[in-house]
Every structure is written in C-alpha cells, then in structure tokens.
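Below is one structure, written out as structure tokens; the observations come after it.
A short reminder: the numbers here are calculations on the coordinates, not readings from a lab. The structure displayed is predicted, hence computed values, not measured ones. Counting neighbours? That spans all protein chains shown, and the Cβs are built from the backbone with ideal geometry, glycine included.
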C-alpha cells in the first residue's frame, strides 16, 4: 500500500537505528521511500514490524518529515499509553 500522509508522532531515521528500535520494541511502524534499495526493504519486511511504502522517493520522504535531505526509511516510535 502506498501512503501519502505520515503519522504525526516521534520518529527515527537511519536504518541501523530503526532496526535497533524495532528489536527493542520502541518502533512499531516503518515507512520506506518508494526507491528504497531491496536489501534494506527486505531487512524491514523480515523484522515483522508494520510497514508501508511512501508515495515518493527518498527526497520527497525527507521533505515530508521536514529534512533537507533524502531519507530511505522513517521509523515511528510506539505511542506510550
């Protein structure tokens, strides 16, 4: 599924940090740019975390989260209850 609107909550960028966060159960949702390299996409898919593809490339994903550079993946932190 392609998404165009991102959740409004804390996030983490950087695939190493996202994978660490998923393992520590701190990240529960990951958004990948539509041009994410297959090796990275497979790593996220195999982690078991919910994920979607952003309707845009890394530059558009970076802009969507307010960064002036391209982003491959964004991990959204779990909502604390």
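Looking across region 67-81, just one residue is without any contact (Cβ under 8 Å) to a residue 40 or more places away in the chain and closer than 16 Å to residue 37 by Cβ, and that is 70.
Scanning region 56-76 for residues that are assigned to a strand (DSSP E or B) and either over 13 Å from residue 12 (Cα atoms) or out of contact with any helix residue (DSSP H, G or I) (no Cβ under 7 Å at 6 or more places or on another chain) (or both) returns a single hit, 76.
Summed over region 12-66, the residues that are without any contact (Cβ under 8 Å) to a residue 24 or more places away in the chain and touching a strand residue (DSSP E or B) at 6+ places or on another chain (Cβ under 7 Å) give a count of 4.
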